[in-house]
Amino acid sequence: MDFFTLQDFYTYTKGIAYILIVATLIGMAVFWLYLTDHESDDQE
Amino acid sequence: MFKLKEVLNRSLLTPFNLVAGIIILMGLVITALRFTGGLAAVTNLSDYNPWGLWIGFDLLCGVALAAGGYVTSAAVYIFGIKKYHSAVRPAILTGFLGYALVVLALSYDVGRPWRLHFPFFVQAGTTSVLFEVGACVLLYLIVLFIEFTPAASEWLGFRRARNLVVRLTMLLTILGVILSTLHQSSLGALFLIAPSKLHPLWYSQYIPVFFFISSILAGLSMVIFEGTLSHRYFAEKMDEAHLREKKDVVFGFGKAASFVLAAYFAIKVFGITMDNNWHYLSTGYGAWFLVELLGFVALPCLLYSIGVRDRSIKVIQWAAAWTVLGIVVNRFNVCLVAFNWHLPSSERYFPSWMEIGLSLFIVTVGVVVFKFIVTYMPVLYEHPDYKTPHP
(Lines give C-alpha, C1' and ligand atoms only; values in the text may rest on other atoms or scores of the structure.)
Protein backbone atom coordinates (compact mmCIF):
# COMPACT_ATOMS: atom_id res chain seq x y z
CA MET A 1 0.00 0.00 0.00
CA ASP A 2 1.49 3.33 -1.05
CA PHE A 3 0.77 6.52 0.84
CA PHE A 4 1.25 9.90 -0.81
CA THR A 5 -0.16 12.12 1.92
CA LEU A 6 -0.61 11.93 5.65
CA GLN A 7 -4.33 11.83 5.04
CA ASP A 8 -3.88 8.69 2.89
CA PHE A 9 -2.03 7.08 5.78
CA TYR A 10 -4.64 7.97 8.39
CA THR A 11 -7.55 7.04 6.16
CA TYR A 12 -6.02 3.60 5.74
CA THR A 13 -4.91 2.94 9.34
CA LYS A 14 -7.97 4.48 11.00
CA GLY A 15 -10.22 2.63 8.55
CA ILE A 16 -8.75 -0.69 9.67
CA ALA A 17 -8.80 0.43 13.33
CA TYR A 18 -12.52 1.24 13.22
CA ILE A 19 -13.31 -2.16 11.72
CA LEU A 20 -11.19 -3.79 14.44
CA ILE A 21 -12.91 -1.76 17.17
CA VAL A 22 -16.35 -2.96 16.12
CA ALA A 23 -15.08 -6.54 15.82
CA THR A 24 -13.39 -6.29 19.24
CA LEU A 25 -16.46 -4.89 20.99
CA ILE A 26 -18.63 -7.69 19.62
CA GLY A 27 -15.88 -10.26 20.21
CA MET A 28 -15.33 -9.21 23.84
CA ALA A 29 -19.06 -9.40 24.59
CA VAL A 30 -19.25 -12.88 23.05
CA PHE A 31 -16.10 -13.94 24.90
CA TRP A 32 -17.57 -12.74 28.21
CA LEU A 33 -20.69 -14.82 27.54
CA TYR A 34 -18.47 -17.80 26.72
CA LEU A 35 -16.62 -17.32 30.02
CA THR A 36 -19.71 -16.92 32.17
CA ASP A 37 -22.59 -18.84 30.61
CA HIS A 38 -21.83 -22.01 32.58
CA GLU A 39 -22.32 -20.02 35.81
CA SER A 40 -26.02 -19.47 35.05
CA ASP A 41 -26.31 -23.22 34.33
CA ASP A 42 -24.72 -23.93 37.73
CA GLN A 43 -27.18 -21.61 39.49
CA GLU A 44 -30.14 -23.29 37.81
CA MET B 1 5.72 -14.35 68.07
CA PHE B 2 9.21 -15.11 66.87
CA LYS B 3 10.88 -17.59 69.19
CA LEU B 4 14.66 -17.70 68.80
CA LYS B 5 14.99 -20.90 70.84
CA GLU B 6 12.51 -22.68 68.59
CA VAL B 7 14.45 -21.61 65.51
CA LEU B 8 17.82 -22.63 66.95
CA ASN B 9 16.52 -26.08 67.90
CA ARG B 10 15.55 -26.72 64.28
CA SER B 11 18.15 -27.94 61.81
CA LEU B 12 19.20 -25.08 59.58
CA LEU B 13 20.83 -27.40 57.04
CA THR B 14 17.84 -27.88 54.78
CA PRO B 15 18.27 -28.03 50.97
CA PHE B 16 16.40 -24.69 50.67
CA ASN B 17 18.63 -22.96 53.22
CA LEU B 18 21.75 -24.39 51.63
CA VAL B 19 20.91 -23.21 48.10
CA ALA B 20 19.61 -19.85 49.36
CA GLY B 21 22.73 -19.42 51.50
CA ILE B 22 25.07 -20.03 48.57
CA ILE B 23 23.15 -17.59 46.34
CA ILE B 24 23.10 -14.91 49.05
CA LEU B 25 26.83 -15.37 49.66
CA MET B 26 27.46 -14.96 45.93
CA GLY B 27 25.23 -11.87 45.92
CA LEU B 28 27.20 -10.31 48.76
CA VAL B 29 30.47 -10.83 46.89
CA ILE B 30 28.97 -9.21 43.75
CA THR B 31 27.65 -6.39 45.95
CA ALA B 32 31.14 -5.71 47.25
CA LEU B 33 32.54 -5.76 43.69
CA ARG B 34 29.77 -3.47 42.41
CA PHE B 35 30.21 -0.82 45.06
CA THR B 36 34.00 -0.87 45.03
CA GLY B 37 34.68 -1.35 41.29
CA GLY B 38 31.67 0.39 39.75
CA LEU B 39 29.27 -0.84 37.06
CA ALA B 40 32.05 -1.81 34.66
CA ALA B 41 33.43 -4.32 37.16
CA VAL B 42 30.30 -6.46 37.20
CA THR B 43 28.12 -5.55 34.21
CA ASN B 44 28.23 -5.49 30.41
CA LEU B 45 26.46 -2.13 30.32
CA SER B 46 27.73 0.53 27.93
CA ASP B 47 26.77 3.95 26.61
CA TYR B 48 24.71 2.19 23.92
CA ASN B 49 23.04 -0.06 26.48
CA PRO B 50 22.73 1.83 29.76
CA TRP B 51 19.72 -0.25 30.83
CA GLY B 52 20.41 -3.92 31.23
CA LEU B 53 19.11 -6.89 33.14
CA TRP B 54 18.73 -5.02 36.42
CA ILE B 55 16.27 -2.63 34.79
CA GLY B 56 14.69 -5.10 32.36
CA PHE B 57 14.13 -7.85 34.90
CA ASP B 58 14.48 -6.53 38.45
CA LEU B 59 12.66 -3.26 37.86
CA LEU B 60 10.26 -3.70 34.93
CA CYS B 61 9.30 -7.30 35.76
CA GLY B 62 9.44 -6.66 39.51
CA VAL B 63 7.00 -3.76 39.35
CA ALA B 64 4.62 -5.56 36.95
CA LEU B 65 4.59 -8.78 38.96
CA ALA B 66 4.06 -6.87 42.20
CA ALA B 67 0.77 -5.52 40.81
CA GLY B 68 -1.18 -8.23 42.62
CA GLY B 69 -1.36 -5.94 45.67
CA TYR B 70 -3.41 -3.19 44.07
CA VAL B 71 -5.43 -5.57 41.89
CA THR B 72 -6.52 -7.74 44.84
CA SER B 73 -7.16 -4.93 47.30
CA ALA B 74 -9.18 -3.05 44.64
CA ALA B 75 -11.25 -6.20 43.97
CA VAL B 76 -11.98 -6.72 47.67
CA TYR B 77 -12.28 -3.20 49.10
CA ILE B 78 -13.39 -1.07 46.14
CA PHE B 79 -15.48 -3.58 44.17
CA GLY B 80 -16.58 -5.31 47.38
CA ILE B 81 -15.86 -8.90 46.28
CA LYS B 82 -15.30 -10.17 49.79
CA LYS B 83 -14.84 -13.80 48.79
CA TYR B 84 -11.29 -12.92 47.76
CA HIS B 85 -10.46 -11.47 51.20
CA SER B 86 -8.03 -14.25 52.10
CA ALA B 87 -5.90 -13.36 49.06
CA VAL B 88 -5.37 -9.74 50.15
CA ARG B 89 -2.60 -10.14 52.72
CA PRO B 90 -0.42 -12.51 50.65
CA ALA B 91 -0.89 -10.22 47.64
CA ILE B 92 0.00 -7.10 49.66
CA LEU B 93 3.04 -8.88 51.06
CA THR B 94 4.16 -9.98 47.59
CA GLY B 95 3.62 -6.44 46.34
CA PHE B 96 5.51 -4.87 49.23
CA LEU B 97 8.46 -7.23 48.89
CA GLY B 98 8.40 -6.80 45.11
CA TYR B 99 8.64 -3.02 45.36
CA ALA B 100 11.21 -3.12 48.16
CA LEU B 101 13.39 -5.36 46.01
CA VAL B 102 12.89 -3.07 43.02
CA VAL B 103 14.33 -0.21 45.09
CA LEU B 104 17.16 -2.48 46.24
CA ALA B 105 17.96 -3.46 42.64
CA LEU B 106 17.78 0.16 41.56
CA SER B 107 20.39 1.03 44.17
CA TYR B 108 22.79 -1.35 42.44
CA ASP B 109 22.00 0.04 39.01
CA VAL B 110 22.02 3.73 39.88
CA GLY B 111 24.72 3.50 42.54
CA ARG B 112 25.40 5.78 45.48
CA PRO B 113 22.27 4.69 47.38
CA TRP B 114 22.87 7.32 50.05
CA ARG B 115 21.77 9.82 47.38
CA LEU B 116 18.47 8.07 46.76
CA HIS B 117 16.58 11.09 48.08
CA PHE B 118 18.31 13.52 45.68
CA PRO B 119 15.70 13.28 42.89
CA PHE B 120 13.01 14.38 45.34
CA PHE B 121 14.63 16.89 47.66
CA VAL B 122 17.81 18.15 46.01
CA GLN B 123 17.45 18.08 42.22
CA ALA B 124 13.83 17.33 41.40
CA GLY B 125 13.33 16.97 37.64
CA THR B 126 9.57 17.39 37.80
CA THR B 127 9.12 17.46 34.02
CA SER B 128 10.65 13.99 33.61
CA VAL B 129 8.61 10.79 33.30
CA LEU B 130 11.35 9.11 35.31
CA PHE B 131 10.69 11.53 38.16
CA GLU B 132 7.05 10.50 38.15
CA VAL B 133 7.98 6.83 38.18
CA GLY B 134 10.41 7.39 41.06
CA ALA B 135 7.93 9.44 43.07
CA CYS B 136 5.09 6.95 42.55
CA VAL B 137 7.26 3.95 43.41
CA LEU B 138 8.45 5.66 46.58
CA LEU B 139 4.93 6.66 47.63
CA TYR B 140 3.44 3.29 46.71
CA LEU B 141 6.16 1.48 48.65
CA ILE B 142 5.16 3.54 51.70
CA VAL B 143 1.46 2.77 51.06
CA LEU B 144 2.19 -0.96 50.75
CA PHE B 145 4.25 -0.86 53.92
CA ILE B 146 1.37 0.76 55.82
CA GLU B 147 -1.11 -1.69 54.26
CA PHE B 148 1.04 -4.56 55.47
CA THR B 149 1.53 -3.24 59.02
CA PRO B 150 -1.70 -4.79 60.42
CA ALA B 151 -0.17 -8.27 59.95
CA ALA B 152 3.08 -7.18 61.60
CA SER B 153 1.19 -5.34 64.38
CA GLU B 154 -0.94 -8.42 65.13
CA TRP B 155 2.26 -10.47 65.34
CA LEU B 156 3.93 -7.93 67.65
CA GLY B 157 0.77 -7.27 69.68
CA PHE B 158 0.45 -3.58 68.73
CA ARG B 159 -3.35 -3.54 68.88
CA ARG B 160 -3.89 0.23 68.69
CA ALA B 161 -1.57 0.74 65.73
CA ARG B 162 -3.21 -2.18 63.96
CA ASN B 163 -6.72 -0.85 64.54
CA LEU B 164 -5.74 2.61 63.33
CA VAL B 165 -4.36 1.25 60.03
CA VAL B 166 -7.35 -1.06 59.55
CA ARG B 167 -9.58 2.05 59.66
CA LEU B 168 -7.50 3.57 56.84
CA THR B 169 -7.91 0.53 54.56
CA MET B 170 -10.16 2.17 51.96
CA LEU B 171 -8.01 5.31 51.74
CA LEU B 172 -4.85 3.25 51.33
CA THR B 173 -6.48 1.07 48.66
CA ILE B 174 -7.57 4.11 46.64
CA LEU B 175 -4.09 5.63 46.96
CA GLY B 176 -2.57 2.32 45.86
CA VAL B 177 -4.75 2.11 42.75
CA ILE B 178 -4.02 5.73 41.76
CA LEU B 179 -0.26 5.42 42.27
CA SER B 180 -0.13 2.06 40.48
CA THR B 181 -2.09 3.36 37.51
CA LEU B 182 0.34 6.26 37.26
CA HIS B 183 3.65 4.47 37.49
CA GLN B 184 2.76 1.17 35.79
CA SER B 185 1.86 3.13 32.67
CA SER B 186 4.76 5.58 33.09
CA LEU B 187 7.24 2.72 33.02
CA GLY B 188 6.04 2.14 29.46
CA ALA B 189 6.05 5.89 28.79
CA LEU B 190 9.79 5.93 29.51
CA PHE B 191 10.28 4.27 26.12
CA LEU B 192 8.33 6.96 24.26
CA ILE B 193 11.53 8.97 24.22
CA ALA B 194 13.30 6.32 22.11
CA PRO B 195 11.24 5.77 18.95
CA SER B 196 14.36 5.24 16.86
CA LYS B 197 15.88 2.71 19.25
CA LEU B 198 12.92 0.45 20.00
CA HIS B 199 11.74 -1.86 17.22
CA PRO B 200 8.50 -0.52 15.64
CA LEU B 201 6.57 -3.66 16.59
CA TRP B 202 7.17 -2.94 20.27
CA TYR B 203 7.28 0.84 20.05
CA SER B 204 3.87 2.44 20.02
CA GLN B 205 2.31 5.68 21.18
CA TYR B 206 0.11 3.38 23.25
CA ILE B 207 2.99 1.70 25.09
CA PRO B 208 1.91 3.24 28.46
CA VAL B 209 -1.51 1.60 27.96
CA PHE B 210 0.15 -1.72 27.08
CA PHE B 211 2.23 -1.59 30.25
CA PHE B 212 -0.74 -0.70 32.44
CA ILE B 213 -3.10 -3.36 31.04
CA SER B 214 -0.37 -5.99 31.17
CA SER B 215 0.31 -5.07 34.81
CA ILE B 216 -3.29 -5.93 35.66
CA LEU B 217 -3.01 -9.37 34.12
CA ALA B 218 0.43 -9.78 35.71
CA GLY B 219 -1.12 -8.99 39.10
CA LEU B 220 -4.03 -11.40 38.59
CA SER B 221 -1.73 -14.18 37.39
CA MET B 222 0.82 -13.56 40.12
CA VAL B 223 -1.84 -13.91 42.84
CA ILE B 224 -2.81 -17.31 41.39
CA PHE B 225 0.83 -18.33 40.90
CA GLU B 226 1.88 -17.22 44.39
CA GLY B 227 -1.23 -18.88 45.87
CA THR B 228 -0.33 -22.15 44.10
CA LEU B 229 3.14 -22.12 45.63
CA SER B 230 1.83 -21.10 49.05
CA HIS B 231 -0.75 -23.91 49.04
CA ARG B 232 2.01 -26.32 48.14
CA TYR B 233 4.65 -25.23 50.65
CA PHE B 234 2.73 -23.44 53.43
CA ALA B 235 -0.56 -25.35 53.49
CA GLU B 236 -0.10 -26.15 57.20
CA LYS B 237 -0.03 -22.42 57.96
CA MET B 238 -3.39 -21.76 56.31
CA ASP B 239 -6.64 -21.54 58.19
CA GLU B 240 -9.98 -22.85 57.02
CA ALA B 241 -10.96 -19.58 55.29
CA HIS B 242 -7.82 -19.65 53.13
CA LEU B 243 -8.34 -23.25 52.13
CA ARG B 244 -12.06 -22.69 51.50
CA GLU B 245 -11.62 -19.52 49.41
CA LYS B 246 -8.85 -21.00 47.25
CA LYS B 247 -11.26 -22.13 44.54
CA ASP B 248 -13.08 -18.77 44.47
CA VAL B 249 -9.80 -16.90 44.08
CA VAL B 250 -8.46 -19.18 41.34
CA PHE B 251 -11.66 -19.23 39.27
CA GLY B 252 -12.49 -15.55 39.83
CA PHE B 253 -9.00 -14.28 39.07
CA GLY B 254 -8.65 -16.78 36.21
CA LYS B 255 -11.82 -15.47 34.59
CA ALA B 256 -10.68 -11.86 34.99
CA ALA B 257 -7.20 -12.67 33.66
CA SER B 258 -8.67 -14.40 30.61
CA PHE B 259 -10.82 -11.36 29.83
CA VAL B 260 -7.99 -8.87 30.39
CA LEU B 261 -5.65 -10.98 28.21
CA ALA B 262 -8.24 -10.87 25.42
CA ALA B 263 -8.43 -7.07 25.76
CA TYR B 264 -4.63 -6.85 25.84
CA PHE B 265 -4.40 -8.95 22.67
CA ALA B 266 -6.87 -6.61 20.96
CA ILE B 267 -5.01 -3.42 21.90
CA LYS B 268 -1.68 -4.92 20.83
CA VAL B 269 -3.24 -5.52 17.40
CA PHE B 270 -4.47 -1.90 17.47
CA GLY B 271 -0.88 -0.88 18.12
CA ILE B 272 0.25 -2.59 14.91
CA THR B 273 -2.70 -1.15 13.00
CA MET B 274 -2.28 2.46 14.07
CA ASP B 275 1.36 2.57 12.95
CA ASN B 276 0.72 0.29 9.95
CA ASN B 277 3.48 -2.08 11.00
CA TRP B 278 2.02 -5.20 9.43
CA HIS B 279 4.94 -5.62 7.01
CA TYR B 280 7.36 -6.10 9.93
CA LEU B 281 5.56 -9.32 10.88
CA SER B 282 7.26 -11.17 8.03
CA THR B 283 10.75 -10.38 9.41
CA GLY B 284 12.74 -12.20 12.10
CA TYR B 285 11.67 -9.69 14.75
CA GLY B 286 8.10 -10.13 13.49
CA ALA B 287 8.31 -13.87 14.11
CA TRP B 288 9.50 -13.25 17.66
CA PHE B 289 6.74 -10.66 18.13
CA LEU B 290 4.20 -13.25 17.00
CA VAL B 291 5.67 -15.78 19.45
CA GLU B 292 5.06 -13.24 22.22
CA LEU B 293 1.60 -12.24 21.02
CA LEU B 294 0.27 -15.71 20.20
CA GLY B 295 2.34 -17.82 22.59
CA PHE B 296 2.28 -15.61 25.68
CA VAL B 297 -0.97 -13.67 25.26
CA ALA B 298 -3.44 -15.62 23.10
CA LEU B 299 -2.42 -19.05 24.42
CA PRO B 300 -2.77 -18.25 28.16
CA CYS B 301 -6.02 -16.42 27.38
CA LEU B 302 -7.33 -19.63 25.83
CA LEU B 303 -5.94 -21.77 28.67
CA TYR B 304 -7.56 -19.56 31.30
CA SER B 305 -10.92 -19.70 29.51
CA ILE B 306 -10.74 -23.49 29.21
CA GLY B 307 -9.81 -23.75 32.89
CA VAL B 308 -12.68 -21.50 33.94
CA ARG B 309 -15.25 -23.31 31.82
CA ASP B 310 -14.06 -26.81 32.72
CA ARG B 311 -13.59 -25.85 36.39
CA SER B 312 -9.99 -27.06 36.21
CA ILE B 313 -7.73 -25.47 38.82
CA LYS B 314 -4.68 -27.19 37.32
CA VAL B 315 -5.17 -25.61 33.87
CA ILE B 316 -5.63 -22.15 35.43
CA GLN B 317 -2.51 -22.56 37.54
CA TRP B 318 -0.48 -23.50 34.46
CA ALA B 319 -1.99 -20.55 32.58
CA ALA B 320 -0.99 -18.25 35.46
CA ALA B 321 2.60 -19.50 35.46
CA TRP B 322 2.73 -19.12 31.67
CA THR B 323 1.36 -15.57 31.87
CA VAL B 324 3.95 -14.61 34.50
CA LEU B 325 6.62 -15.92 32.12
CA GLY B 326 4.95 -13.98 29.30
CA ILE B 327 5.22 -10.73 31.25
CA VAL B 328 8.92 -11.37 31.77
CA VAL B 329 9.31 -12.09 28.03
CA ASN B 330 7.45 -8.87 27.16
CA ARG B 331 9.54 -6.68 29.45
CA PHE B 332 12.74 -8.33 28.21
CA ASN B 333 11.66 -7.70 24.64
CA VAL B 334 10.93 -4.03 25.23
CA CYS B 335 14.00 -3.31 27.33
CA LEU B 336 16.62 -5.67 25.90
CA VAL B 337 15.72 -7.65 22.76
CA ALA B 338 13.94 -5.04 20.65
CA PHE B 339 15.93 -2.13 22.11
CA ASN B 340 18.84 -0.99 19.91
CA TRP B 341 17.64 -3.51 17.34
CA HIS B 342 19.47 -1.72 14.53
CA LEU B 343 22.90 -2.05 16.16
CA PRO B 344 25.34 -4.68 14.84
CA SER B 345 25.43 -7.80 16.98
CA SER B 346 28.90 -6.89 18.29
CA GLU B 347 27.38 -3.82 19.95
CA ARG B 348 24.35 -5.62 21.36
CA TYR B 349 24.00 -6.21 25.07
CA PHE B 350 24.04 -9.53 26.83
CA PRO B 351 24.17 -9.57 30.65
CA SER B 352 27.31 -10.77 32.41
CA TRP B 353 27.06 -13.74 34.75
CA MET B 354 27.39 -11.35 37.70
CA GLU B 355 24.34 -9.36 36.56
CA ILE B 356 22.38 -12.61 36.35
CA GLY B 357 23.82 -13.66 39.73
CA LEU B 358 22.73 -10.43 41.37
CA SER B 359 19.20 -10.73 39.96
CA LEU B 360 19.10 -14.27 41.32
CA PHE B 361 20.35 -12.93 44.66
CA ILE B 362 17.57 -10.35 44.79
CA VAL B 363 14.87 -12.91 43.97
CA THR B 364 16.32 -15.25 46.62
CA VAL B 365 16.29 -12.50 49.25
CA GLY B 366 12.61 -11.94 48.39
CA VAL B 367 11.77 -15.63 48.74
CA VAL B 368 13.65 -15.92 52.06
CA VAL B 369 11.94 -12.84 53.54
CA PHE B 370 8.54 -14.03 52.22
CA LYS B 371 9.13 -17.44 53.83
CA PHE B 372 10.10 -15.84 57.15
CA ILE B 373 7.07 -13.54 57.19
CA VAL B 374 4.45 -16.15 56.28
CA THR B 375 5.98 -18.53 58.82
CA TYR B 376 5.68 -16.12 61.73
CA MET B 377 3.10 -13.47 60.87
CA PRO B 378 -0.65 -13.91 60.30
CA VAL B 379 -0.60 -13.69 56.51
CA LEU B 380 -2.06 -17.03 55.50
CA TYR B 381 -4.32 -17.26 58.53
CA GLU B 382 -6.39 -14.97 60.76
CA HIS B 383 -4.70 -14.15 64.06
CA PRO B 384 -6.78 -15.78 66.84
CA ASP B 385 -7.00 -12.48 68.80
CA TYR B 386 -8.31 -10.54 65.77
CA LYS B 387 -10.97 -12.84 64.39
CA THR B 388 -13.72 -10.23 64.45
CA PRO B 389 -14.72 -9.19 60.92
CA HIS B 390 -12.35 -6.58 59.58
CA PRO B 391 -11.82 -5.11 56.15
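Looking across region B:348-358 at every residue that is in contact with a Leu (Cβ under 8 Å, 6 or more places away or on another chain) and part of a helix (DSSP H, G or I), the one that is surrounded by the fewest Cβ atoms within 10 Å (Cβ to Cβ) is identified as B:356. Of all residues in region B:46-58, exactly one satisfies the criterion of being open to solvent by 20 Å² or more (accessible area, probe 1.4 Å) and either at pLDDT 95 or above or assigned to a helix (DSSP H, G or I) (or both), namely B:57.
Among the residues of region B:232-249, which ones are away from chain A (no Cβ under 14 Å) and closer than 19 Å to residue B:76 by Cβ? Answer for region B:232-249, where residues must be away from chain A (no Cβ under 14 Å) and closer than 19 Å to residue B:76 by Cβ: B:238, B:239, B:240, B:241, B:242, B:243, B:244, B:245, B:246, B:249.
In the list B:203, B:285, which residue meets the criterion of being in a helix (DSSP H, G or I) and either modelled with pLDDT under 95 or away from chain A (no Cβ under 12 Å) (or both)? When all the criteria are applied, what remains is B:285.
Within the option set B:341, B:318, B:322, being touching a residue at least 12 places away in the same chain (Cβ under 8 Å) and farther than 30 Å from residue B:197 by Cα holds for one residue only, B:318.
Of everything in region B:19-45 that is open to solvent by less than 50 Å² (accessible area, probe 1.4 Å) and hydroxyl-bearing (Ser, Thr, Tyr), the residue that is farthest from residue B:99 (Cα to Cα) is B:43. For residue B:196, the conditions (1) surrounded by fewer than 23 Cβ atoms within 10 Å (Cβ to Cβ); (2) part of a helix (DSSP H, G or I); (3) not β-branched (Val, Ile, Thr) all hold with the exception of (2). In this structure, does residue B:280 turn out to be away from every other protein chain (no Cβ under 11 Å), among the hydroxyl-bearing types (Ser, Thr, Tyr) and in contact (Cβ under 8 Å) with a residue 60 or more places away in the chain? Yes; evaluated as a whole, the condition is true for this residue.
The set of residues from region B:289-347 being outside any helix (DSSP H, G or I), open to solvent by less than 10 Å² (accessible area, probe 1.4 Å) and not small (Gly, Ala, Ser) comprises just one member, B:340. Residues that are among the hydroxyl-bearing types (Ser, Thr, Tyr), in a helix (DSSP H, G or I) and away from every other protein chain (no Cβ under 11 Å) were ranked within region A:1-43; the one that is nearest to residue B:274 (Cα to Cα) is A:11.
Name the residue, out of B:106, B:97, B:144, that is assigned to a helix (DSSP H, G or I), open to solvent by 50 Å² or more (accessible area, probe 1.4 Å), out of contact with any strand residue (DSSP E or B) (no Cβ under 8 Å at 6 or more places or on another chain) and among the hydrophobic types (A, V, I, L, M, F, W, C). When all the criteria are applied, what remains is B:106. Condition first: assigned to a helix (DSSP H, G or I), open to solvent by 30 Å² or more (accessible area, probe 1.4 Å) and among the acidic types (Asp, Glu). Can you find one or more residues in region B:117-132 that meet it? For region B:117-132, residues assigned to a helix (DSSP H, G or I), open to solvent by 30 Å² or more (accessible area, probe 1.4 Å) and among the acidic types (Asp, Glu): present. Considered as a group, the residues in region B:257-277 that are open to solvent by 20 Å² or more (accessible area, probe 1.4 Å) and in contact (Cβ under 8 Å) with a residue 40 or more places away in the chain include one that is nearest to residue B:384 (Cα to Cα), and that residue is B:260.
The values are calculated or read from the model by the stated rules, or taken from the named source; none is laboratory data. Every value quoted in this text rests on a predicted model; they were computed, and no experiment measured them. No Cβ is skipped: glycine too gets one built from the backbone with ideal geometry, and neighbour counts run over all protein chains shown. Side chains included, ligands, DNA and RNA excluded: accessible areas come from the protein's heavy atoms. Shrake-Rupley method; radii C 1.70, N 1.55, O 1.52, S 1.80 Å.
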